[in-house]
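Below: one structure, written as structure tokens.
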Amino acid sequence: MSFSSQLPALQIVVPLLTAPIVMLLRGSSLAWCAATAASVMALCIAIALTLSVQELGVLSYAMGGWQAPFGIELRVDALSALLLLVTTGASSVALLSGRSSLARDMTEGQQPLFYAAWMIALAGLSGIAVAGDAFNVFVFMEISSLAGYILVAAGPDRRALPATIKYLIMGTIGATFYLVGVGQVYMMTGTLNFADMEVRLAEVTAQKPILVAAGFITVGLALKAAVFPLHMWLPNAYRYAPHIVTAFMAACTTKVALYVLLRFDFVVFQGNLSGHMDQYAGFLAPLAILGILVGSAVAVTEHHLKRLLAYSSVAQIGYILLGASFGDIAGLTAAFTHMFNHALAKGGLFLVLAAFALQVGGLRMLDIAGLAKRMPLAAAAFLVTGASLVGIPGTAGFISKWLLLSAAIQQGALGVLAAVVVVLSSLAAVYYIWKVVEQLYFGGPAESPATPTPAASAGLEAPPMLLLGIWGVALANIYFGLFPGFPVGLSESAATELVSHLP
Amino acid sequence: MSAATTILLSLLLPLSGAVLISLSGRWPNLRETITLVTAVAVALLVLSLVPEVQAGGRPELLVAQLFGDLQIAFTVEPLGMLFAALAATLWIVNSIYSIGYMRGNNEKKQTRFYVCFAIAIAAALGVAFAGNLLTLFLCYEILTLSTYPLVSHKGDRATVASARVYLGILLVTSIGLLLPAIIWTYLLAGTLSFSPDGILAGHISGPAVGLLLAMYVFGVGKAAVMPVHRWLPAAMVAPTPVSALLHAVAVVKAGVFTITKVIIYVFGVDNLFAEPSSGWLLYAAAFTVIAASVVALRQQNLKRMLAYSTIGQLSYVIMAAAVLTPLSEIGAAVHIVAHAFGKITLFFAAGAIYTAAKKTELSQLSGIGARMPWTMTAFTIGALSMIGVPPMGGFVSKWFILAGAFQSDNYVAIFTVILSTALTAAYFLPVIFAVWFGREVPGGKEHGEAPWPMVLALTLTALATLGFFFFNQPVLELESQLVTVTG
Amino acid sequence: MEILGLYNYWVFIVLLMIGLYTVMAKPNLMKKLLGLSIFQAAVFLLYITLDKIEGGTAPIIQADAIGQIYANPLPQVLILTAIVVGISTLALGLAVVVRIHEAYGTIEDDQIQQADLRE
């Protein structure tokens, strides 16, 4: 009964218990401290779990001592560890650096409630990553989504509210579809535990119900993951949410849904549905490609920076899905590495936008014209993280792009087509990131001077914690671009593990 | 110190110099001194590697192991040594010139200029020393990005628009063509490290060779093979020191260097020679040579004329490499040097004319020889070297290229060389004539020579152009190793 | 006969479609949320009807009964959880609708979009 063996459970419990504590605290500083402390502790637990997983393989934890498959099991393997790192890391960085940005968006009294919702979201997302059975995934998914709706609705602009309703409705439909699918599988197998499902499903002879279940689950999770064409909730939700919420969400929420999709598919369905690999690839790959193309195309024409980056996220999710749809170790490694690297790049970019927003009133192209003169450090960080998004060598984004292109080319003629699509969208990314950079450095004085918000702080261009956070993430992008051993190694273990379930 | 340390230092020194330069922005003299000292130190470090490479050694440095077989690693071989030595030594001269130019024209943002220059030189050295395609690609992109602020230095609308063309073409070609080519190579060969016999030997044949070669040649936009050449005239909006060192020496040479390296160390000369589908390269390069010369004929702006001349001369190198005989490979390498000396002199002269007289068009240059004898003598030497007249350095490389072409009865190459020589004479000689023997346009302002650092610099490079004709043994010895390598 | 015997699935599908249709077609936000609830109720029905075994009784162990058939308790428990989730979602949705009404003065989706376009 050592402490370290309780870690999987603690991963969820720590943020979950902090939530009511935070809510009861008076004053935003205390609330922020508690929330940040819990988030950092969750990050430490995630790191510890990763180290254990690298040593031991898969960690299994039986809740309350009841053994699987009857009890609730928490399973942590390489993929879960990767996701936990992304989630807790994004949360910690966003919380540590985002205090001042948040203070701009809501009153003192509301902040403890906001942080409480953040903690619940963190608990939910961590829960999804470690849950070992399908229904708990649903529960945690809904917990995190509900908290997510609250976080998005906290945005200062009133348009955050219709965005939240749209997100809520689409998210709930998605979760409910997922629930139907799980119900179907339960009907056929009588179990909810992933590992058990895999075994029991092999004994089932009727293929149709399983196929139906797979369909429901895939569509449901695609809604949550903003896979084209079910991505409509994403641009507005990202646009109107408070900036650090966008940074947090862009880094992890959709990836967690993709994680569930891939795990379900590979662990449960691949082995048991004949010809599923083709169906799976044939269904997901075109959607991924469309998402990449549409996302990039719209991003090129957008004028508001947050929406631009939101559509860019749709394209990036397409990358992850494309890599995953190849179904081999190379493709999955590319997909998982990109989950990690995209979180670094996009999270960093949204944090920089938060810094920009503190200086200027709005975040349209006009508003940031020539901003680099007043905010050289933040603009430089935008350049570095933007380069990572594009995939310039030396940055983390290059590594995942390389892996994706290699995996694609290895797939034959259609793979070459996919590679061409990825290259085209990279060029589009060069264009839209460059548009912003040019406007930052060379733009003339803003034509419609947005009401300048009172200077963030008299001396520095942005609050020091925010600058530290931004530059920390930017440097991390470069570090993992030159020394990608850790994320790539972890992704490869995860990919190998998933592929081992294939027939 | 060990060779590996030397390589590391020669890459880090310009970068640390950049940092120091950015910190000393407020004291221009200190800043300029740091630039010069860094340049001299880097040149010394780079040149110290020459004896070892001459003797057949190949110093290596491993920086990071990424994953699989991919690494960031550096290896010094004859071609790279040549390019690095060229870039490093000419940086010193160019820094002297820059000081004169920037101060003479009272340019703004000088600190940013020197900082980006140092980073660009570090990137160029990185390209030269790259031990595998990945490292080369990394440094290639850094070179593109670090030269952008230099090209867009002026900061006004037109300049930024041109700089956008510059960046756009270079990034689109490198991400769209070069990167897929590199990945494809990796998937075929399992490695990206350069090898004297070519790493693709046996892994690829038939039309795929031609396709991959095309992806490389057009992906390396810096080599300015038509039609991806438009960035070079667009980059002429940069201050002349940038045009001189980068777009006559470092950036463009990085381009042809990369292609030559790919031909020799990735494909393998013998493999390409045996493969018919690679034959198109000769024609593409020959076309570029002639077309660029024709366009240069019609230019009125001095720098644009020099830009198109550069495009033609770069394709000389590629054409020579594409002839695929030992002598022509040496010719390609030697032309990298000869053209560098000659072109940098020409650009220096152009900048001197601009600084002293604010003149940019060819029509304005009549009779200027009387006022700026040093500058225009250097200009003449450079121009004659471009044409290939002995005793200028350009003659040496043309000799080798022709000899290589004869060696394999390559009539296309021979014809191109002859025709382009004639065309080059056609666009340079009238200028030289007008400069010395023309009547000066009345009403112009009185002026003399440009500031002395600029004149000093262009004198040095003109002497080098002349000197190369007589003292080219070291280069030839170094590059003959390429021949034994390619057999 | 087989098909009619599966009437619980038919009810499920009908309710699912009614719910989904309401969500998508009705502009009024309250009706959308109601549609969402119907949609979720359909799923609950599916699960619960799954576990009913003919002749089965409530799954509470009776000490003196032998050979007693019990309905499957697991789906019932799952649905309790799902119902709770559904209620929370509904509550949250209603709260947001109230806020929207305060901010926009209307809860018709098309009017809200009009108001936003004008900004």
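Measuring nothing but how far apart in sequence close Cα pairs (under 8 Å, 6+ apart) lie, relative to its length, the stretch B:322-431 scores a relative contact order of 38 percent. Measuring r between the beta carbons of A:Val420 and B:Glu449 and using R0 = 51 Å, the FRET efficiency lands at 0.40. Across peptide A:174-186, the average count of Cβ atoms from other chains found within 10 Å of a residue's Cβ is 5.
Per residue of A:364-370, how many C-beta atoms from partner chains lie within 10 Å of its own C-beta, taken as a mean? All intermediate terms of the calculation are to be shown ahead of the outcome.
Values: counts 0, 0, 0, 0, 0, 0, 0.
Mean partner shielding for this stretch: 0.
Each label point was placed 7 Å from the Cα along the Cα-to-Cβ direction; for A:Asp157 and B:Leu15 their separation is 4.0 nm.
With Cα atoms defining each centre, the stretch A:315-334 and the stretch B:11-52 are spaced 45 Å apart in the structure. Which angle from 0 to 90°, rounded to the nearest 10, does the C-alpha axis of helix C:7-25 make with the longest principal axis of chain C? Helix C:7-25 sits roughly 10 degrees off the main axis of chain C. Using the Cβ of B:Thr360 as centre and a radius below 10 Å, the other residues enclosed give a net charge of +3, where K and R count +1 and D and E count -1.
Would you mind calculating the relative contact order of the stretch A:303-443 from Cα pairs under 8 angstrom and at least 6 residues apart, reporting the percent as a whole number?
Worked out over the stretch A:303-443, it gives 30 percent.
Could you rank the peptides C:62-74, B:413-425, A:487-499, A:50-62 by their average count of other C-beta atoms within 10 Å per residue, with the highest value first?
Answer by packing, highest mean first, reads A:487-499, B:413-425, A:50-62, C:62-74.
Between 0 and 90 degrees, the angle of helix B:179-189 with respect to the longest Cα principal axis of chain B falls at about 30 degrees. With helices as the sole contributors, chain B gives -23500 deg cm²/dmol at 222 nm; each DSSP H run of n ≥ 4 counts as -39500 (n - 2.57), and the sum is divided by every residue. Summarising the amide proton neighbourhood of C:Tyr70: residues at separation of 5 or more, or on other chains, whose placed amide H is nearer than 5 Å comprise C:Thr57.
Protection proxy ranking of A:239-252, B:199-212, B:362-375, A:423-436, by the mean of other Cβ atoms within 10 Å over each peptide's residues and highest first, is A:239-252, A:423-436, B:362-375, B:199-212.
What separates the Cα centres of the stretch B:87-128 and the stretch A:115-182 is a distance of 54 Å.
Taking Cα atoms only, the orientation of helix B:326-357 departs from the longest principal axis of chain B by about 20 degrees. Between C:Glu54 and C:Ile87, the simple label model (points 7 Å from Cα in the Cβ direction) yields a spacing of 3.5 nm. Enclosing the Cα atoms of chain B in their convex hull gives a volume equal to 125 cubic angstrom per residue.
Can you run the Rg to Rh ratio on the stretch B:327-440? Use alpha carbon positions and the Kirkwood inverse-distance Rh. Using Cα coordinates only, the ratio equals 1.06.
Give me the inter-chain shielding for B:170-183: mean count of other chain Cβ atoms within 10 Å, whole number please.
Partner Cβ neighbours, averaged per residue: 5.
Seen from A:Ala195, the other residues with C-beta closer than 13 Å to its C-beta sum to a net charge of -3, counting Lys and Arg as +1 and Asp and Glu as -1.
Volume per residue for the protein assembly as shown equals 184 cubic angstrom (convex hull of Cα atoms).
Distance from the C-alpha centroid of the stretch A:294-311 to that of the stretch C:74-119: 27 Å, rounded to the whole angstrom. Taking amide hydrogens as placed 1.01 Å from N in the peptide plane, the amide H of B:Gly25 sits under 5 Å from that of no residue at least 5 positions away in sequence or on another chain.
Charged neighbours of B:Leu200, selected by a Cβ distance under 14 Å, balance to -2 (K, R count +1; D, E count -1).
Rule-based calculations on the coordinates, nothing more; no lab input. A quick note: this is a predicted structure, and the numbers were derived from the prediction, not measured. Every residue, glycine as well, gets a Cβ built from its backbone with ideal geometry; the counts of neighbours run over all protein chains shown.
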